[in-house]
């Protein structure tokens with residue numbers, strides 16, 4: 001009897017059909033069209049989401065996180081550094097299993113140094129189930145803060161005119177033709193100059209001596225637009241604006 005029962009049980013188990021189906025596991029990936037974007041040219045990067053075994057119209061959620069910025073300022077980072085695209089948003093997956101979005105840099109006119117960010121993709125709105133992370137994307141900080149340097153003081157001592165500015169300068173060598181000097185209305189030639197960029201000082205060496213009681217006028221002319229050489233500049237390459245000064249060289253009294 002025991003042997004017969006075993007045969008019956010074996011047959012019953014063999015006759016049961018396996019009606020269970022294998023569940024496919026969804027996959028997710030994030031790719032980028034570029035590894036860097038540029039603030040000055042306001043270039044863009046396209047983010048491509050690709051999935052398998054994810055239903056059409058499934059909503060996926062993403063956030064942006066970055067380095068070179070304060071983690072507490074991520075919202076400011078998004079609103080300042082991106083002209084399109086949000087720090088936190090979502091996308092619907094299409095019937096082809098894909099979705100895409102674009103982030104564009106904006107010229108924020110701030111000197112921030114090196115920055116980079118990546119995008120984290122989540123399957124839930126609470127952003128707890130991380131399913132993919134993009135490669136790192138760098139932001140080239142070419143949109144520099146505007147610097148300025150103004151003429152603070154000027155003095156004349158015989159054959160030397162000293163110009164002092166209110167901030168340091170670039171070591172760019174200005175062309176002497178940018179300057180015009182007159183003494184009592186007569187043009188005077190400049191033979192050379194000495195630039196102390198860190199001290200914000202420029203000394204013009206005159207070809208002839210300026211005499212006491214003469215009225216000296218000096219004009220510096222900057223061309224329109226930003227020049228790469230031949231002009232006075234701030235440390236980050238911003239051209240100094242045109243300026244003018246006049247003074248009378250008063251003789252010193254003997255002590």
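Structural remarks
- Taken over the range 163-185, the criterion of being under 14 Å from residue 248 (Cα atoms) and part of a strand (DSSP E or B) is satisfied by 181, 182, 183.
- Taking the range 212-232 as the range and being under 22 Å from residue 161 (Cα atoms), touching a strand residue (DSSP E or B) at 6+ places or on another chain (Cβ under 8 Å) and in a loop (DSSP other than H, G, I, E, B) as the test, the residues that pass are 213, 214, 221, 222, 231, 232.
- Any chance residue 195 is within 10 Å of residue 171 (Cα to Cα), modelled with pLDDT of 90 or more, touching a strand residue (DSSP E or B) at 6+ places or on another chain (Cβ under 9 Å) and assigned by TED's automatic domain parsing to the domain that holds residue 166: yes
- Any chance residue 27 is at pLDDT 90 or above and either more than 34 Å from the chain's Cα centre (by Cα) or closer than 16 Å to residue 118 by Cα (or both): yes
- Taking the criterion of being at positive phi and modelled with pLDDT of 90 or more, the residues of the range 34-88 that qualify are 53, 57.
- Test: residue in the range 105-118 that is modelled with pLDDT under 60, surrounded by 12 or more Cβ atoms within 10 Å (Cβ to Cβ) and in contact with a strand residue (DSSP E or B) (Cβ under 7 Å, 6 or more places away or on another chain): no
- Of everything listed in (1) at pLDDT 90 or above; (2) more than 28 Å from the chain's Cα centre (by Cα), the single unmet condition for residue 158 is (1).
- The numbered conditions (1) without any contact (Cβ under 8 Å) to a residue 40 or more places away in the chain; (2) in contact with a strand residue (DSSP E or B) (Cβ under 8 Å, 6 or more places away or on another chain); (3) surrounded by 11 or more Cβ atoms within 10 Å (Cβ to Cβ) are all true for residue 157 except (2).
- Yes/no for residue 202 being closer than 22 Å to residue 164 by Cβ, part of a strand (DSSP E or B) and within 34 Å of the chain's Cα centre (by Cα): yes
The values are calculated or read from the model by the stated rules, or taken from the named source; none is laboratory data. Here the structure is a predicted model, which means the values were calculated and not measured. Glycine gets a Cβ as well: all are built from the backbone with ideal geometry, and neighbour counts include every protein chain shown.
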